[in-house]
1. Go through the stretch 1-35 and give me each residue that's surrounded by 11 or more Cβ atoms within 10 Å (Cβ to Cβ) and acidic (Asp, Glu).
2. Inspect all residues belonging to the stretch 24-47 and state whether any of them is in a loop (DSSP other than H, G, I, E, B) and among the basic types (Lys, Arg).
3. Of all the residues that make up the stretch 27-48, how many are among the hydroxyl-bearing types (Ser, Thr, Tyr) and under 12 Å from the mean Cα position of the chain (by Cα)?
Amino acid sequence: MPIKSPKEIAEVLANHTSVEKAHKSVDRLLTLGILAGVYIGFGGILMTTVKVETAQYFGTGFS
C-alpha cells in the first residue's frame, strides 16, 4: 500500500465526500443530520454528568 501525501489524501476525501453527498437524497441527509445532533447531545450529557459528579468524589478542585 503506497503512502499518499497529505495533498493527495485531501483531494481524494474532498472529491469522494462531495460526490457522495450530492447523490444522497434529502431525507437521508436530514436523518444523518438529526443523528449527528443526537450524538453531540449525548456527549454533552456525558460531559455534564462527569463534571457535576466529580466534585462530590474528589473535592471541589475538580469541578
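Laboratory data are not the source of any read-out in this text; all were calculated from the coordinates shown. Keep in mind that what you see is a predicted model, and the values were worked out from it rather than measured. All Cβ positions, even for glycine, are placed from backbone atoms using ideal geometry, and neighbour counts span all protein chains on display.
1. Within the stretch 1-35, Glu8, Glu11 meet the criteria.
2. yes
3. Number satisfying all stated conditions: 1.
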